[in-house]
Amino acid sequence: MSGPSSATDDVLDNVAALKDWMSAGQKPQSDWRIGTEHEKFGFDKASLNPLPYEGPSGIQAMLNGLTRFDWQPVEEGGKLIALTRKDAAGGGSVTLEPGGQLELSGAPLSSIHETCKEVNGHLREVREVAEELGQGYLGVGFSPIWGLDEAPHMPKGRYALMRDYMPTRGGRGLDMMYLSSTVQVNLDFGSEADMVEKLKISLAVQPIATALFSNSPFKNNKVTGDLSERSLVWMDTDPDRTGMLPIAFEEGFGFEQYVDYALDVPMYFVFRDGQYIDAMGQSFRDFLAGNLPALPGEKPTAKDWENHLTCLFPEARVKRFIEMRGADSGPWQTLCALPAFWVGLLYDPATQKKVFDLISDWTEEERLYLRGQAPHTGLKTKFRNSTVQEIASQLLDLSQQGLRARGKMDSMGADEAGFLAPLFKIIRDGKTPADILVEKYHGEWQGDMRRIFVDNAF
């Protein structure tokens, strides 16, 4: 699941080996786990500026401060760039995105109760250190007031390579790196057929999740008129590796076809001896043959393959699990609601079948329409003779059924369905987090967008 890589240095030198590496992720349902990842923007409470890496109250200071909670430092080039925690202490990792977004990559857990406990524990730790450093942290999908000129750069080698490459492949790749923030969930599959069905559902439903969790209506200190700026950014970021993955809906799709897709996506880098080697635009197929210009004569390892798969950015992607990538970062309630939403849809087989039946006749054109329109009009997006709000309501009912069928209870006897409550409220009110932010801006904030750093910080 999420967290530090467990891939090995075993050489994978043919397509079958790459496929076998992915298919090894298959697990019996009793072993399915939930991995939640969420990012947040750090800011200086006095100035509301983004946090630099270095300095007495920078991101590095936050990482150092978190080590009091059993987190172990990870360095690159002598710089502290991540933290990991042993399984006995809770597991997971804390990492840095390119613009200093602080990310928790949670441990693989068996219930949403455990996931929400992990999220709350992490935020409690961050708040304790942040208070000492004069920092705050904001869960929102896109930077509301900072631009690229103000965004800090984190000292990770892969980000330096990406920073040069992204502008050659789209207009907003740097916005994605430095100004966006997300919450994601990673889920297991039981077989190749189960992976295929889960992936189809995941891709089709991502635009609905984008609407439900939309939380980025601001950019450059202005109201944009859209609801998910983060989602719009991804529509102009490297078309080779983003989008709705239409091949997943083709007849005969499976691990082999996903491998073929991944092999046709240009590489970013190869990591050797603690250094990132520039392989921008080069072919993993050449790597398999030992003909990679960046590393002549060498063939890829399992770690190389995992790194490459991590550099693919469709709306849902496969490694040894499936990663849902359609939601804005948001308030703490949504950090528990997102994994609950997807687990309810995909971790009870009877419910999964109902969801698949719901989306099975959606055409490619309709899926692309939803992907393109949901960031603009959210729940009000028209679809067939209905709206996204009505579809989201159906999906929430199904998710609730799936969570209740799982029967995972907390110490008070409550099941996981309670974590959907914020989403049911969104549907009842017809207001997403983004809609509420815009209302506040025009109302109680009186046009002062800086209020978001007071009202909406964790």
* To do: Restrict the check to segment 189-201 and report whether at least one residue is modelled with pLDDT of 95 or more, surrounded by 21 or more Cβ atoms within 10 Å (Cβ to Cβ), under 25 Å from Trp332 (Cα atoms) and not hydrophobic (A, V, I, L, M, F, W, C).
  => no
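Here's a check for you: in segment 143-187, which residue that is among the aromatic types (Phe, Trp, Tyr) and over 16 Å from the mean Cα position of the chain (by Cα) is nearest to Leu109 (Cα to Cα)?
From segment 143-187, those among the aromatic types (Phe, Trp, Tyr) are 146, 159, 165, 178; that's our starting set.
Filter once more, keeping what is over 16 Å from the mean Cα position of the chain (by Cα): 146, 159, 165.
Details: Trp146: 35, Tyr159: 29, Tyr165: 36 Å.
Per the criteria, the residue is Tyr159.
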* Quick check: is even one residue across segment 330-342 closer than 28 Å to Phe142 by Cα, in contact with a Pro (Cβ under 6 Å, 6 or more places away or on another chain) and not in a helix (DSSP H, G or I)? -> yes
* segment 259-303 - residue that is of a type in the set (S, T, N, Q), crowded, with 17+ Cβ neighbours inside 10 Å and without any contact (Cβ under 8 Å) to a residue 40 or more places away in the chain and, of those, farthest from Lys198 (Cα to Cα) -> Gln282
* Output the number of residues of segment 130-151 satisfying the condition of being surrounded by fewer than 19 Cβ atoms within 10 Å (Cβ to Cβ) and touching a residue at least 24 places away in the same chain (Cβ under 8 Å). => 6
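Report the residue count in segment 323-334 for those that are hydrophobic (A, V, I, L, M, F, W, C) and either within 11 Å of the chain's Cα centre (by Cα) or closer than 18 Å to Ala374 by Cα (or both). Before you say what the answer is, go through the steps one by one.
From segment 323-334, those hydrophobic (A, V, I, L, M, F, W, C) are 324, 327, 332; that's our starting set.
Filter again for either within 11 Å of the chain's Cα centre (by Cα) or closer than 18 Å to Ala374 by Cα (or both), leaving 324, 327.
Summing the residues that are hydrophobic (A, V, I, L, M, F, W, C) and either within 11 Å of the chain's Cα centre (by Cα) or closer than 18 Å to Ala374 by Cα (or both) in segment 323-334 gives 2.
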* Structure fact -> Contact list, first residue from segment 304-316 and within 19 Å of Val205 (Cβ to Cβ) and touching a residue at least 40 places away in the same chain (Cβ under 8 Å), second anywhere and assigned to a strand (DSSP E or B) and small (Gly, Ala, Ser), beta-carbon distance below 9 Å, six or more apart or interchain, is Phe313/Gly243; Pro314/Gly243; Glu315/Gly243; Glu315/Gly326; Ala316/Gly326
* **Qualifying positions in segment 304-319 - surrounded by fewer than 24 Cβ atoms within 10 Å (Cβ to Cβ) and of a type in the set (Val, Ile, Thr)** => Thr310
* Mind checking which residues of segment 286-305 are small (Gly, Ala, Ser), assigned to a loop (DSSP other than H, G, I, E, B) and farther than 11 Å from Val270 by Cβ? -> Ala289, Gly290, Gly297
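Can you name the residue in segment 356-396 that is β-branched (Val, Ile, Thr) and out of contact with any Asp or Glu (no Cβ under 9 Å at 6 or more places or on another chain) and, of all such residues, is nearest to Ser191 (Cα to Cα)?
My answer is Ile359.
Could you tell me whether segment 240-258 includes any residue that is touching a residue at least 40 places away in the same chain (Cβ under 8 Å), in a loop (DSSP other than H, G, I, E, B), out of contact with any strand residue (DSSP E or B) (no Cβ under 8 Å at 6 or more places or on another chain) and closer than 30 Å to Thr377 by Cβ?
Looking for residues that are touching a residue at least 40 places away in the same chain (Cβ under 8 Å), in a loop (DSSP other than H, G, I, E, B), out of contact with any strand residue (DSSP E or B) (no Cβ under 8 Å at 6 or more places or on another chain) and closer than 30 Å to Thr377 by Cβ, one finds at least one in segment 240-258, hence yes.
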* Single unsatisfied condition, Val183 versus (1) closer than 13 Å to Gly330 by Cβ; (2) modelled with pLDDT under 95 -> (2)
* To do: State whether the residues of segment 257-265 include one that is hydroxyl-bearing (Ser, Thr, Tyr), closer than 26 Å to Trp332 by Cα and under 20 Å from the mean Cα position of the chain (by Cα).
  => no
* To do: Could you check how many residues of segment 236-258 are surrounded by fewer than 17 Cβ atoms within 10 Å (Cβ to Cβ) and either touching a helix residue (DSSP H, G or I) at 6+ places or on another chain (Cβ under 7 Å) or more than 17 Å from Met280 (Cα to Cα) (or both)?
  => 9
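Only residues that are assigned to a helix (DSSP H, G or I) and out of contact with any helix residue (DSSP H, G or I) (no Cβ under 7 Å at 6 or more places or on another chain): list them for segment 441-450, please.
Residues satisfying the conditions are His442, Arg450.
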* Flag if Ala327 is surrounded by 19 or more Cβ atoms within 10 Å (Cβ to Cβ), touching a residue at least 12 places away in the same chain (Cβ under 8 Å) and part of a strand (DSSP E or B) -> yes
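The values are calculated or read from the model by the stated rules, or taken from the named source; none is laboratory data. Just so we're clear, the structure is a prediction, and the values are computed from it rather than from any experiment. Backbone-built Cβ (ideal geometry, glycine too); neighbour counts: all protein chains shown.
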